[in-house]
Amino acid sequence: PREEPGTPTAAEETFRGAMAAVEALDPARLERLLRREVVALGAEPFLDRVVVPLLERIGTQWREGRLRPAHEHVAVAVVRQILGWMLERARGAASGDTLVVGTLAGERHELGALLAAATAALRGWRVVFTGEDLPPEELALTARSVGARAVGVSVTAPSDPEGVPGQLRALLADLPADVTLYLGGGAAPELGERVRDRRIRVMVTLGEFRAALARTDPPSPGEVADPALVAG
């Protein structure tokens, strides 16, 4: 019999089923599985034990030539839809300060930013998700307009890697001095070394991001919003 929801074995079953759906190019089956498991496992365990490993495995197999681009595109489209759904449902329980999350100009891989957005919303933050490929002045304008306490940027595979440090410096120059910049994605550690600023917090894992959010909790944080995802 299947283990109780929330156990590592249940998550591993889900992961194997998700990979099988990807390999079969079956987005409907993948979506049904993921929607069911976000409720069965709980939102945060689902992100940690299913979504992150799934994206890592798909990326590895795609780079090794074991999956075709079509497999990667089908999987990413479904995961994007699920994360967007989770973000919208979690927003209903948000009651804290505002976080703006997106990617810089030339960065068209938005799933890392969407993962961060959903994670913050589940922790009670009001999240403004700007999506992909936005110049730093527009991110800064958004942050100032909504009174954001922090900005999150994901950098995975920018079209102009050498231009990213300049974009980050421009973003920091346009942000209020008390706004924190969370920097995630595969390129984050190197960029953190190149763009040294006391406001930058490099986030390697979702666990680190949650811990950072906890250290800067909004004044009136909501509960982790799994009930909002289960309802309805």
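Data table
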item	result
√(5λ) per eigenvalue of the Cα gyration tensor, segment 134-211, largest first, Å	18, 16, 11
Only Lys, Arg (+1) and Asp, Glu (-1) charged, at Cβ; the chain dipole about Cα centre in debye	200
Percent carbon-and-sulfur accessible area, the chain, ignoring ligands, DNA and RNA, probe 1.4 Å	52
Protection proxy ranking of 116-129, 63-76, 138-151 - average other beta-carbon atoms within 10 Å, highest first	116-129, 138-151, 63-76
Lys/Arg +1, Asp/Glu -1 at C-beta; segment 62-141 dipole; positive extreme among Phe129, Leu115, Thr103	Leu115
Cβ-defined net charge surrounding Thr103, 10 Å radius [Lys, Arg +1; Asp, Glu -1]	-3
Surface accessible to a 1.4 Å probe, per residue, for the residues of the chain, Å²	46
The chain - mean residue ellipticity at 222 nm from DSSP helices (-39,500 (n - 2.57) per run, n ≥ 4, rounded to 500)	-16500 deg cm²/dmol
Net charge, Arg91 excluded, C-beta distance under 13 Å - Lys, Arg +1, Asp, Glu -1	+2
Contour minus Cα-Cα distance for Glu88 and Glu12 (0.36 nm per residue)	24.7 nm
Neighbourhood charge, 14 Å Cβ-Cβ cut-off, centred on Leu191 and excluding it, Lys, Arg +1 and Asp, Glu -1	-1
Distance from segment 101-178 to segment 10-50 (C-alpha centre basis), Å	28
Label-reachable residues, segment 76-97, where backbone N falls under 17 Å from a point 7 Å from Val52's Cα toward its Cβ	83
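The values are calculated or read from the model by the stated rules, or taken from the named source; none is laboratory data. Every value quoted in this text rests on a predicted model; they were computed, and no experiment measured them. Glycine also receives a Cβ, built like all others from the backbone with ideal geometry; neighbour counts cover every protein chain displayed. For accessibility, only protein heavy atoms count, side chains too; no ligands or nucleic acids. Shrake-Rupley method; radii C 1.70, N 1.55, O 1.52, S 1.80 Å.
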